[in-house]
1. Considering only the stretch 48-55, I want to know if a residue exists there that is without any contact (Cβ under 8 Å) to a residue 24 or more places away in the chain and at positive phi.
2. Could you tell me whether the stretch 42-56 includes any residue that is in contact with a helix residue (DSSP H, G or I) (Cβ under 9 Å, 6 or more places away or on another chain) and among the aliphatic types (A, V, I, L, M)?
3. Looking only at the stretch 24-56, how many residues end up being among the hydrophobic types (A, V, I, L, M, F, W, C) and within 16 Å of the ligand (Cβ to nearest atom)?
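Only the coordinates and a few stated rules stand behind these numbers; no lab work does. Computed from a prediction, not measured in an experiment: that's the story for all the values here. For neighbour counting, all protein chains shown are included, and Cβ atoms are generated from backbone atoms with ideal geometry for every residue, glycine included.
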Amino acid sequence: MTDRVKIQLKPNGSIRVTGEVDFVDSDGNVLETKANFSLCRCGHSATKPFCDGAHRAAGFTAE
Ligand code: FES
């Protein structure tokens, strides 16, 4: 087991964060997160900054 946090760009999808992190908003507030969560990089999520799966319906491509 490693303590290193993994941040992975999913193919044509979200940014997956695996591991315990302090995720801080622009006001300095620590957002509540699980040990594993996904961030939106397509701009279509209704729950930004988190991914809600909307990238699939939007046809988001990372290229
Ligand atoms: S990456 Fe999943 S909703 Fe934007």
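1. yes
2. Yes, the stretch 42-56 has at least one match.
3. Initial filter on the stretch 24-56 (among the hydrophobic types (A, V, I, L, M, F, W, C)): 24, 30-31, 35, 37, 39-40, 42, 46, 50-51, 54.
Of the ones still in play, those that are also within 16 Å of the ligand (Cβ to nearest atom) are 37, 39-40, 42, 46, 50-51, 54.
Of the residues in that region, 8 qualify.
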